[in-house]
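Coordinate-derived values only; no laboratory data. Note that the coordinates shown come from a computational prediction; the quantities given were computed from them, not determined experimentally. Here Cβ is always computed from backbone atoms with ideal geometry, including for glycine, and neighbour counts include all displayed protein chains.
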Amino acid sequence: MSKEDKAWSIEHEGPLNKNNLIFREGLAKEPTTNNNDLILNLISKELFYIANDSRVRDMWKYEIGDLVNNCLIVTIDNKDYPTNLNNLIRWICNKERDRLDIGANTYGEFVPITECECKPTSRDNLAEALDELLDNNVYLAAAILGDKYTEIQPLLEKQLVSLLTSTMNLAVLYKSTQQRLTLKGDNNE
């Protein structure tokens, strides 16, 4: 049995629970309900949805490389570098958890979700998301222009286009919301 087989993945990584929830210690037996865990749950569920979406899988074949047995394979200099999608989702969720923990330790609180939680600090999560996405665009463009990642530059350029598309989509939604709030007399920008 190879690492790409689903049975190997379940045997060595554990089965996914019924809600596909991933927490700090791996797959959760019982979910908790603080804001950061709710955020991580949503991200985890969406990542599993994305990984199983046939349109996304087709896009990966075009933009990244081959997809074989739940393993995304990037070829660089005629050598294959496989990444198991289940492991990738766990890695991303662990990175997200680390970011949430840093924020909680730095600011002494979880990420506010509700309007009531956001109001005392004038927090606007949609504006924050747009700002972070703009930062992603800057750093990815810098990586493309630099000399460290030349072997995957064409792949990175495709990802920049994808990020810029997401930026435009999110910016339109943000600006529409701001226009609506202005009309209501409740603009917090």
Quiz item: Once both labels are modelled 7 Å past Cα along the beta-carbon direction, what's the Asn78-Lys61 spacing in nm?
Solution: 2.6 nm
Quiz item: Of the listed peptides 81-89, 113-121, 62-70, what is their order by residue-averaged count of other C-beta atoms within 10 Å, with the highest listed first?
Solution: 81-89, 62-70, 113-121
Quiz item: Under a point spin-label approximation (7 Å from Cα along Cα-to-Cβ), what is the Ile152-Gln178 distance to one decimal in nm?
Solution: 3.3 nm
Quiz item: What whole number of Å gives the distance from the Cα centroid of region 133-151 to the Cα centroid of region 66-131?
Solution: 18 Å
Practice problem: Would you mind computing, in nm to one decimal, how far apart the modelled labels at Ile50 and Leu145 are, each placed 7 Å from Cα along Cα→Cβ? | Solution: 2.6 nm
Quiz prompt | Rounded to whole Hz, the Karplus (6.51, -1.76, 1.60) HN-Hα couplings of region 76-89, x for glycine and proline | solution = 10, 6, 6, 10, 8, 10, x, 10, 5, 5, 4, 5, 5, 5
Quiz prompt | region 124-189 - percent relative contact order, Cα under 8 Å, separation 6 or more | solution = 33 percent
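Which chymotrypsin sites (Phe, Trp or Tyr not before Pro) from region 96-189 combine a DSSP loop assignment with at most 14 other Cβ atoms within 10 Å? Walk me through the numbers on the way to the answer.
Numbers: sites: Tyr107, Phe110, Tyr139, Tyr149, Tyr174; in loops: Phe110, Tyr149.
Counting only loop positions with at most 14 other Cβ atoms within 10 Å, the chymotrypsin sites (Phe, Trp or Tyr not before Pro) in region 96-189 are Tyr149.
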Quiz item: Between Val74 and residues 5 or more places away or on another chain, which pairs have amide H atoms under 5 Å apart, with H built 1.01 Å from N, and which residues are they?
Solution: Tyr81, Thr83
Exercise. Enumerate the amide H contacts of Val111 below 5 Å, restricted to partners 5 or more residues apart or on another chain; note that Pro and chain-start residues carry no placed amide H.
Key: Asn36
